[in-house]
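Below: the structure, in structure tokens.
The values are calculated or read from the model by the stated rules, or taken from the named source; none is laboratory data. If you're wondering where the values come from, they're calculated on a predicted model, not measured in any experiment. Positions of Cβ are backbone-derived with ideal geometry, glycine not excepted, and every protein chain shown enters the neighbour counts.
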Amino acid sequence: MSGELKLLFAGAMGAGKTTAIRAISEIAPITTEATNGDFTECDKEETTVAMDYGEITLPTGEKLRLYGTPGQARFGFMWPILAAGALGVVILIDNSRPDPLADLELYIDAFRALADAGAVIVGVGHMESCPRPSLEAYAERLAALDVVVPVMPADARRHSDVVGMLEILLQQIEATWAYDEVMGGVSACGLMGANS
Ligand SMILES: Nc1nc2c(ncn2[C@@H]2O[C@H](COP(=O)(O)OP(=O)(O)OP(=O)(O)O)[C@@H](O)[C@H]2O)c(=O)[nH]1
Ligand SMILES: [Mg+2]
């Protein structure tokens with residue numbers, strides 16, 4: 001196996017990137033939380049200022065490295081740095097934000113090469129309290145952007161939701177990037193059993 005196996009979590013402030021990595025990491029995640037000075041954007045106490053880092057073991061025994069981006073736009077310069085060498089990106093959307101479809105568009109644009117390669121999954125959170133926009137609206141916006149990637153409801157606090165997204169994303173990568181070669185022929189299936 002050459003190179004590291006790396007996935008990225010991206011999305012707006014408060015979308016749940018740090019929460020998702022915390023929910024599934026087998027090691028104590030490395031976080032870079034600082035006091036949130038931008039309550040207009042999101043009213044939570046802390047925000048990521050550099051990155052999150054966690055790990056999960058694949059059925060092969062290999063480590064899948066999980067990186068979370070800082071959501072604040074002023075740290076946008078970190079996104080391509082963290083995306084370097086990533087196999088794919090989980091884009092998390094907070095459906096309670098003012099314009100979640102605009103958020104979707106922003107992050108698809110930011111990770112356009114991976115989206116074009118089908119190496120993206122979109123997870124929509126806070127749907128229990130904010131069911132709109134609907135998943136159909138997301139699918140329509142993705143189609144309008146000429147992007148064919150899965151979109152699903154996902155609560156970043158739930159281990160099964162986050163692992164479920166990773167499984168689908170890895171299968172997607174397998175289908176589009178000759179993932180077998182990258183992974184030494186090992187299927188991503190079986191992740192659901194890990195750390196549950
Ligand atoms: N009710 C509800 N809360 C959620 C859901 N997903 C995430 N959360 C909560 O939303 C918050 C997300 O916070 P973080 O994980 O810090 O968000 P982040 O994306 O890392 O934010 P930044 O680092 O500031 O960019 C946490 O309080 C989660 O518990 C969901 O589907 N429903
Ligand atoms: Mg964070």
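A few points about this structure:
- Filtering the stretch 15-32 to residues that are within 11 Å of ligand 1 (Cβ to nearest atom), of a type in the set (D, E, K, R) and over 12 Å from GLY71 (Cβ atoms) leaves only ARG22.
- Sole exception among (1) closer than 23 Å to MET127 by Cα; (2) touching a Gly at 6+ places or on another chain (Cβ under 8 Å); (3) in contact (Cβ under 8 Å) with a residue 40 or more places away in the chain for THR19, by number: (2)
- For the stretch 50-80, filtered to residues that are at pLDDT 95 or above and of a type in the set (Val, Ile, Thr), the residue that is farthest from GLY164 (Cα to Cα) is THR69.
- When residues of the stretch 42-94 are limited to those that are buried (at least 22 other Cβ atoms within 10 Å of the Cβ) and without any contact (Cβ under 8 Å) to a residue 40 or more places away in the chain, the one nearest to ligand 2 (Cβ to nearest atom): THR48
- Lone unmet requirement of (1) loosely packed, with under 13 Cβ neighbours inside 10 Å; (2) modelled with pLDDT under 95 for ALA28: (2)
- Restricting attention to the stretch 68-87, the residues that are away from ligand 1 (no atom under 14 Å from the Cβ) and of a type outside the set (A, V, I, L, M, F, W, C) add up to 2.
- Looking only at residues of the stretch 18-58 that are assigned to a helix (DSSP H, G or I) and not aliphatic (A, V, I, L, M), we find that the one that is farthest from the chain's Cα centre (by Cα) is ARG22.
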